[in-house]
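Before any comments, here is the structure.
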Amino acid sequence: MNASSPPTAPRIPLPIDTANPVEEAVSQRRSVRAFLDTPVPRETVERILTMAARAPSGTNMQPWKVHVLTGNAKDRFSEAVLAAFDGPEKHTNEWAYYPKEFREPYLSRRRKVGWDLYGLLGIARGENERMHTQHGRNFKFFDAPVGMMFTIDRHLEIGSWLDYGMFIQNIMVLARSHGLDTCPQAAFAGFHKVIRAQLGLDEETVIVCGLSLGYADWSPVENQLITERVPLDGFVSFHD
Ligand SMILES: Cc1cc2nc3c(=O)[nH]c(=O)nc-3n(C[C@H](O)[C@H](O)[C@H](O)COP(=O)(O)O)c2cc1C
């Protein structure tokens, strides 16, 4: 990069077949944590969600429900969640994303991505206030113009959560085909009481997670993060 060229998306260290749009979109999807305020047209959001709903689901149950937040509604929502995040009351998840005890190799992977991100931001161990502020950026959807909140009916089982992941991955990959970026956000799940109140949802509705959608701002350092992956022989066994 020189002084005149704007920063661009970092490339992952893999040879990408750029003539293959699926490979390009999957490999260029990454969690973006700083967005431009450029609006995303409503038709684009509708198109992405229409296509994402082509995701498979067991017996075609289609367990996903999406709340799309923009403009003043998004700002009011963010303010409410941020107030809870900064307030004295303890908010906890009603479903467990993470194990009670982190064992290897997951513990090391989790620590690595955390310290890589904070390292880029110049946040050192023990700087709890700065960590808190950075974590709080989740609740402003990292300044993205579109925020999504995904919910599921409480009586649905783990299989529907598997389906849900495919739907959300579709959104993230389809976003790339429109030049958009995303960040999936489980950080919202802990604030289910506030979110239910904000969105007028009943107790039978579970908050799965949120997602930021918009045009990436490549200037902030946090968007230069490239996360690692275990090579093929670390997670695949071929049985011939
Ligand atoms: C369901 C889900 C929830 C996540 N929640 C958060 C979150 O709340 N905040 C955040 O900054 N990143 C969140 N992430 C992003 C992960 O940290 C990220 O996917 C991982 O480090 C790999 O990096 P990459 O997405 O850039 O490839 C989440 C990812 C997933 C799949």
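The values are calculated or read from the model by the stated rules, or taken from the named source; none is laboratory data. Keep in mind that this is a model prediction, so the values were computed, not measured. In this analysis, Cβ positions are derived from the backbone assuming ideal geometry, glycine residues included, and neighbour counts consider all displayed protein chains. The protein model used for the area step is the full one, side chains on, heavy atoms only, and it has no ligands, DNA or RNA in it. Shrake-Rupley method; radii C 1.70, N 1.55, O 1.52, S 1.80 Å.
Of 177, 219, 108, which has the largest mean-square fluctuation in a 10 Å C-alpha GNM of the chain? The residue that fluctuates most here is 108. Residues considered: 229, 110, 29. Largest GNM mean-square fluctuation over the chain, using C-alpha springs under 10 Å, is found at 229. To the nearest 10, the accessible area of residue 106 is 140 Å² with a 1.4 Å probe. With the Cα gyration tensor of the range 31-172 giving a ≥ b ≥ c as the square roots of its eigenvalues, does the rule (a/c under 1.5 for rounded; else a/b larger than b/c for prolate; else oblate) give rounded, prolate or oblate? Taking the square roots of the gyration eigenvalues as a ≥ b ≥ c, the range 31-172 is oblate. Using a probe radius of 1.4 angstrom, the carbon and sulfur fraction of the accessible surface of the chain is 55%.
Summary of packing: across the peptides 78-84, 222-228, the per-residue average of other C-beta atoms within 10 Å ranks them, highest first, as 78-84, 222-228. When only alpha carbons are used to place a centre, the range 101-125 and the range 168-235 end up 18 Å from one another. Report the Cα centroid-to-centroid distance between the range 139-164 and the range 52-94 in angstrom, as an integer. Here the two parts' Cα centres lie 6 Å apart. Calculated accessible area for the chain comes out at 60 Å² per residue, all protein chains present (probe 1.4 Å; ligands, DNA, RNA ignored). Just to be sure I follow: if Rg is taken over the C-alpha atoms of the range 185-231 and Rh is the Kirkwood radius over the same atoms, what is Rg/Rh? When Rh is taken as the Kirkwood radius, the ratio is 1.16.
The relative contact order of the range 115-240 comes to 35 percent, based on Cα pairs under 8 Å that sit 6 or more residues apart. In terms of its alpha-carbon gyration tensor, the chain comes out rounded; the largest-to-smallest axis ratio a/c stays below the 1.5 threshold.
Comparing 148, 172, 51 in a Gaussian network model of the chain (Cα springs below 10 Å), the most mobile by mean-square fluctuation is 51.
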